[in-house]
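The values are calculated or read from the model by the stated rules, or taken from the named source; none is laboratory data. What you see is a predicted model, and the numbers here were worked out from it, not measured in a lab. Virtual Cβ from ideal backbone geometry, glycine too; neighbours counted across all protein chains shown.
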Amino acid sequence: MKQKDRQNRGSKVAKEKKIKKIIVIGVIIVVAIGIGVGVASSKFLFSSNASALTIDGIQCNVAEQLVFHNHAHLDIYINGQPYNVTSQIGIVPGKCIYWLHTHDDSGIIHIESPVTRNFTLGQFFDIWKAKFNNSQAFNNIFNKTGNDNMPQIYKNGNKLPSGTNYRDIKLDEHDEIALVYGASPANIPSKYDFQGI
């Protein structure tokens, strides 16, 4: 009898081990399928959102893209007074970040793209305008001085020829760009201290 009891217990233990093994394998399969579905749906949502939010060929991605990584600095003066380039231009909180964006109100434009190409000040302004959605903050720059009043444009301290369209200004590494509407400030900056970036 004792031997039969041992055999029964042994087969019971073996059955329980098999059942536990099957349950563990089942859990692993369910988790793997869940991860696969999650990744597939996030790729679908990501690509849909990126194309839906694209401005001037510049996508809004879920993370910064660092294949092409440059910085330029923008100063804006209206009647001799500095006008802040606001923070978070090109950043949609909790969703995505455009290849052209600002992190703070220093005027540094971060150019972080998955492709090496030229980017322009006009593209940056289009992203900025989209963020403000025609709010007073953005319109102050253009409507305060009148739409016909084109700015004086300086790149690295050099005044660009009259009639140069600010939209066409290429954003090169460590450029200092100044747009002056109305009266000029006492000094036009020729460079910016990027402090290691």
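Between Ile169, Ile141, which is surrounded by 14 or more Cβ atoms within 10 Å (Cβ to Cβ) and at pLDDT 90 or above? Spell out the reasoning first.
Details: Ile141 fails: at pLDDT 90 or above.
It is Ile169.
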Listed residues Asp175, Asp193, Asp168; which is closer than 16 Å to Gly107 by Cα, under 27 Å from the mean Cα position of the chain (by Cα) and free of Cβ contacts under 8 Å to residues at least 60 places away in the same chain? Asp193
So, Tyr192, is that one over 21 Å from Gln59 (Cβ atoms), modelled with pLDDT under 90 and touching a Gly at 6+ places or on another chain (Cβ under 9 Å) or not? no
